[in-house]
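The values are calculated or read from the model by the stated rules, or taken from the named source; none is laboratory data. Every value quoted in this text rests on a predicted model; they were computed, and no experiment measured them. Note that each Cβ is placed from the backbone with ideal geometry, even for glycine, and that neighbours are counted across all protein chains shown.
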Amino acid sequence: MLVTLALLLAVAPPSAFAGEGDKREVPDYDGRDDPGPDAGEVLLWVPRIIVSPLYFVSEYVIRRPIGWLVTEMERGEWLEAIGEFVTFGGTNAGLIPTFLFDFGLEAGALPSYGLYFFWDDVAADGHDLRLRFAYGGSSDWIQVDFANRFELAGDDRLSFHFGLDRRKDWVFGGIGPGFTEASLGRYGQQTLGGGVSYQADIGERGGWSAGVDVAQITYFRGRCCGDPTVQTQAAAGAYALPVGLESDHLYLLPTATLAVDTRAIRPGDESGVRATVNLGAGVSLGDSPSYLRYGGSVGAYWDIWNNRTVGLKLHADFATSLGDDPIPFSQLAPLGGAAPMRAFSDGWLRGESAVAATLEYRWPIWVWLDGTLFFEAGNAFGDNLDGLAADDLRLSFGLGVRPGSVADHNFEILFALGTDELGNGADIDTFRVVFGTTSGF
């Protein structure tokens with residue numbers, strides 16, 4: 001009802017709300033005719049009409065309802081009461097309920113809910129604890145993340161972390177660019193590990209990090225959602241059984257990242273360039289093959305007006321075995337999920353290499369929330385982009401709501417569509433909806 005009323009107020013002419021004679025005509029002071037709109041003003045109506053649905057959604061479905069709710073909560077002192085409740089009376093610690101829905105037309109994830117705990121300045125300034133627990137309805141869907149962080153001189157950060165991720169709803173459709181929805185199968189994966197990392201800032205938005213983890217990876221049958229298992233699909237001839245699925249793996253995982261970013265922090269001008277480089281390895285502590293992972297991205301951004309930003313980003317990721325044996329399929333270069341090609345669920349697109357281009361428009365819709373409209377093209381391929389061709393690219397496009405800055409526990413809304421390969425007609429073959437919170441630590 002509130003949205004309908006807001007739309008009526010926006011599109012109805014002023015005369016519908018003003019009585020006759022309430023407004024007098026503007027006097028003709030100079031005696032000259034109104035020149036009317038020029039060519040530029042007329043052309044501006046084209047982008048205005050194109051983006052008008054996004055404007056109405058962000059303005060009347062998101063921004064104004066949130067603004068009204070926050071205003072009423074402030075008047076009733078609800079925000080203060082809620083803040084004191086989740087922070088145990090206004091301490092540096094807090095406990096917040098969480099949830100995540102990630103649905104797909106062909107293959108989504110199971111809904112989950114949990115708790116997020118934070119405690120800042122534990123025993124000393126700059127010593128923070130983070131704990132997240134999520135539960136997907138059974139003992140085969142549990143996630144636990146813990147981080148013990150120390151802020152050092154110059155805002156450098158040292159973190160010790162631990163994690164358990166056991167999920168039965170992972171999706172596999174094949175390796176490389178060519179597969180169909182009919183080949184999708186479910187599998188279960190458990191990753192148990194922990195390690196240490198060091199982070200430092202470079203400028204306002206750049207930085208570097210280095211770390212090392214130890215992780216044990218095991219697989220089990222992923223009976224989920226009424227879908228066939230990977231083993232069932234392999235037995236039916238959809239593909240060969242994925243490499244490593246029937247073995248356990250123990251790895252030492254060193255990583256290093258570098259990000260150079262010339263953009264200013266809001267409300268400054270966000271025009272600029274961001275480049276990232278990622279380097280990692282899987283050093284086998286058992287009989288599994290060791291491998292190397294490397295890649296990065298480069299993006300250019302234009303702040304059109306007041307943090308309304310258009311960006312073009314190129315992303316590439318590579319995975320190569322350091323021996324004669326292929327690496328486990330789950331350690332290949334991925335797309336989808338939180339990575340580019342967001343219309344596809346985690347695990348849909350995997351290969352020895354992956355590449356994607358993203359054109360995105362972001363605009364502020366609230367103090368801490370951005371609207372995003374994106375269009376992506378990419379896919380997973382063979383060794384060093386072997387087989388890369390325009391006809392093998394898939395498309396991913398949609399809109400959503402995301403935080404304007406990086407946080408420990410982000411909230412996201414996403415509606416996205418994904419297509420088949422361009423050479424097969426680029427038909428829509430997946431629809432993904434995400435609503436909830438995701439862990440950023």
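Numbers below:
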{"item": "Complete set of residues in the stretch 198-239 that are in a loop (DSSP other than H, G, I, E, B), under 26 Å from Leu164 (Cα atoms) and not charged (D, E, K, R)", "result": "Gly222, Cys224, Cys225, Gly226, Pro228"}
{"item": "Failed condition for Val298, given (1) modelled with pLDDT under 95; (2) farther than 16 Å from Thr255 by Cβ; (3) in a strand (DSSP E or B)", "result": "(1)"}
{"item": "Output for the stretch 263-278, where each listed residue is within 22 Å of the chain's Cα centre (by Cα) and either not in a strand (DSSP E or B) or not aliphatic (A, V, I, L, M) (or both)", "result": "Arg263, Ala264, Ile265, Arg266, Glu270, Ser271, Gly272, Arg274, Thr276, Asn278"}
{"item": "Count of residues meeting criterion [in a strand (DSSP E or B), surrounded by 16 or more Cβ atoms within 10 Å (Cβ to Cβ) and either out of contact with any Leu (no Cβ under 9 Å at 6 or more places or on another chain) or of a type in the set (Asp, Glu) (or both)] in the stretch 181-197", "result": "4"}
{"item": "Selection status of Leu417, surrounded by fewer than 16 Cβ atoms within 10 Å (Cβ to Cβ), of a type in the set (A, V, I, L, M, F, W, C) and part of a strand (DSSP E or B)", "result": "yes"}
{"item": "Single condition Ala319 does not satisfy, out of (1) in contact with a helix residue (DSSP H, G or I) (Cβ under 7 Å, 6 or more places away or on another chain); (2) crowded, with 18+ Cβ neighbours inside 10 Å; (3) over 22 Å from Ala356 (Cα atoms)", "result": "(3)"}
{"item": "Positions within the stretch 243-262 being closer than 14 Å to Pro328 by Cβ, assigned to a loop (DSSP other than H, G, I, E, B) and touching a strand residue (DSSP E or B) at 6+ places or on another chain (Cβ under 6 Å), in sequence order", "result": "Leu245, Asp248"}
{"item": "Residue list for the stretch 111-123, restricted to those being over 17 Å from Phe415 (Cα atoms) and at pLDDT 90 or above", "result": "Ser112, Tyr113, Gly114, Leu115, Tyr116, Phe117, Phe118, Trp119, Asp120, Asp121, Val122"}
{"item": "Looking only at the stretch 133-160, and only at residues there that are among the polar types (S, T, N, Q) and over 22 Å from Gln199 (Cα atoms), the one that is surrounded by the fewest Cβ atoms within 10 Å (Cβ to Cβ)", "result": "Ser139"}
{"item": "Test for Trp119: is it within 30 Å of Arg342 (Cα to Cα), touching a strand residue (DSSP E or B) at 6+ places or on another chain (Cβ under 8 Å) and aromatic (Phe, Trp, Tyr)", "result": "no"}
{"item": "Set Leu184, Leu164, Leu245: member being in contact (Cβ under 8 Å) with a residue 12 or more places away in the chain, in contact with a Gly (Cβ under 6 Å, 6 or more places away or on another chain), over 24 Å from Gly296 (Cα atoms) and aliphatic (A, V, I, L, M)", "result": "Leu184"}
{"item": "Output for the stretch 422-437, where each listed residue is of a type outside the set (Gly, Ala, Ser) and in contact with a strand residue (DSSP E or B) (Cβ under 8 Å, 6 or more places away or on another chain)", "result": "Leu422, Asp427, Ile428, Asp429, Thr430, Phe431, Arg432, Val433, Val434, Phe435, Thr437"}
{"item": "Per-region count, the stretch 222-262, residues more than 27 Å from the chain's Cα centre (by Cα) and among the acidic types (Asp, Glu)", "result": "2"}
{"item": "Leading residue by the ranking (surrounded by the most Cβ atoms within 10 Å (Cβ to Cβ)) among those in the stretch 264-274 that are modelled with pLDDT of 95 or more and out of contact with any Ser or Thr (no Cβ under 7 Å at 6 or more places or on another chain)", "result": "Arg274"}
{"item": "Condition met for Gly36 (on the phi > 0 side of the Ramachandran plot and at pLDDT 70 or above)", "result": "no"}
{"item": "Flag if Ala234 is closer than 25 Å to Asn424 by Cα, modelled with pLDDT under 95 and out of contact with any helix residue (DSSP H, G or I) (no Cβ under 9 Å at 6 or more places or on another chain)", "result": "yes"}
{"item": "Failed criterion for Ile66 (all others in (1) under 27 Å from Thr191 (Cα atoms); (2) in contact (Cβ under 8 Å) with a residue 60 or more places away in the chain; (3) of a type in the set (Val, Ile, Thr) hold)", "result": "(1)"}
{"item": "Selection within the stretch 318-333 - without any contact (Cβ under 8 Å) to a residue 40 or more places away in the chain and part of a strand (DSSP E or B)", "result": "Ala319, Ser321"}
{"item": "The listed residue being without any contact (Cβ under 8 Å) to a residue 12 or more places away in the chain, under 26 Å from Gly173 (Cβ atoms) and in contact with a strand residue (DSSP E or B) (Cβ under 9 Å, 6 or more places away or on another chain), out of Gly347, Gly387, Gly337", "result": "Gly337"}
{"item": "All positions within the stretch 172-190 that are among the β-branched types (Val, Ile, Thr) and modelled with pLDDT under 90", "result": "Thr180"}
